[in-house]
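J.: Input: one structure, supplied below.
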Amino acid sequence: MILAIDIGNTNIVIGCIEDGDILFVERLSTNSTQTVLEYAISFKNVLEMYEISPSAITGSIIASVVPPVTNIVKDAVFKITHHKVLIVGPGLKTGLNILMDNPAQLGSDLVVNAVAAIAEYPAPLIIFDLGTATTISVIDKKKNYIGGMILPGVRISLDTLTSRTSQLPRISLDPPKKVIGTNTIDCMKSGVLLGNAACMDGMIQRIEKELGEKATVLATGGIARVIVPNCLEEIILDDKLLLKGLWLIYKKNQP
């Protein structure tokens, strides 16, 4: 059984995987001020919730886009498992062919998503990851990672909107009753949820036009479950995509 961890700007996704089966997926807040011990206690508590002993963990792997937190979490995992922790990055085999100007600049989370998507779904592929930022990855029919896009995330957009406008309230991300809102809150919900859904639909159409063919479209990330049901294009929701990729990369790097 391995412990797989994805460190994002807002959340840390944690899961245990045994023989390819994901036993659970949980989220903790990313906090750069927490100590190794505090993270170790948090991880241990999550394992105890699912009645998993740290001694049952035989290995761990981390993908991170928050460098200041990476080593803290790595040390915390080692503290409770006493096993070497793999970090997705240079020197780790992924099997992904990246056709970008500077492959080293590609975020580890995007690499991991792509590895999982190629293994499970037919190419070409478009992968939306809706987190703090919304990222779009494009994989061609030969399973090469050819590029993508980065957009402001849903919550960043909403937080900026409410913090920069004195009369707009904070809102929940519930679906609006209809497209044309008739009060401030419904207008905001429609703009945020349906606006982002329309953005996804439009980007899919533009990418497929540039590819010259239809693609398999996936969505993952903390906000995906809220936005995808409002899309008109066919999108597969896979909120375990990143953990699947971590499992595959972990296996590739075993002796």
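J.: Out of every Cα pair in region 178-228, what percent are spaced more than 15 Å from each other?
T.: Considering region 178-228, 56 percent of its Cα-Cα pairs are separated by more than 15 Å.
J.: For region 169-200 and region 16-75, write down the distance between their C-alpha centroids in whole Å.
T.: Answer, in whole Å: 35.
J.: What percentage of the solvent-accessible surface of region 124-223, computed with a 1.4 Å probe over protein heavy atoms, is contributed by carbon and sulfur atoms?
T.: 55
J.: What is the percent carbon and sulfur in the accessible area of region 54-114, measuring with a 1.4 Å probe over the protein chains and ignoring ligands?
T.: 55
J.: Under Stokes-Einstein, with the Kirkwood radius over Cα pairs standing in for Rh, what whole-number D in µm²/s applies to region 1-54 at 4 °C and 1.567 mPa s?
T.: It diffuses with D of about 111 µm²/s by this estimate.
J.: When the expected Rg is taken as 2.2 N^0.38 Å, what fraction or multiple of it is the alpha-carbon Rg of region 29-180? Intermediate results must be reported in sequence, preceding the final value.
T.: Working: Rg = 19.2 Å, N = 152, 2.2 N^0.38 = 14.8 Å.
With N residues counted in region 29-180, Rg over 2.2 N^0.38 Å equals 1.29.
J.: Using only helices, what value at 222 nm comes out for the chain when you add -39,500 (n - 2.57) per DSSP H run of length 4 or more and divide by the total residues, to the nearest 500 deg cm²/dmol?
T.: It lands at -11000 deg cm²/dmol.
J.: Using Cα pairs closer than 8 Å and at least 6 residues apart in sequence, work out the relative contact order for the chain, in percent.
T.: Here the relative contact order equals 18 percent.
J.: Quick check for you: with a 1.4 Å probe and neighbouring chains kept, what is the accessible area per residue of region 77-228, in Å²?
T.: Per residue, region 77-228 has 53 Å² of solvent-accessible surface.
J.: While we're here: Could you tell me what % of all Cα pairs in region 148-255 have separations over 15 Å?
T.: 70
J.: Further, regarding this structure: With 10 Å bins from zero, work out the P(r) of the chain over every alpha carbon pair and list the percent per bin.
T.: Percent of Cα pairs in each bin: 7, 29, 32, 22, 9, 1, 0.
J.: Calculate the radius of gyration of the Cα atoms of region 37-125 to one decimal place, then report Dmax, the largest Cα-Cα distance, as a whole number, both in Å.
T.: Answer for region 37-125, Rg first and Dmax second: 15.5, 46 Å.
J.: Counting only other residues whose beta carbon sits under 14 Å from that of Ile72, what net charge do I get with K and R as +1, D and E as -1?
T.: Neighbourhood net charge equals 0.
The values are calculated or read from the model by the stated rules, or taken from the named source; none is laboratory data. Since the model is a prediction, treat every value here as computed from it, not as a measurement. As a convention, Cβ positions derive from the backbone with ideal geometry for all residues, glycine included, and neighbour counts pool all protein chains shown. Surface areas here come from the heavy atoms of the whole protein model, side chains and all, with no ligands, DNA or RNA. Shrake-Rupley method; radii C 1.70, N 1.55, O 1.52, S 1.80 Å.
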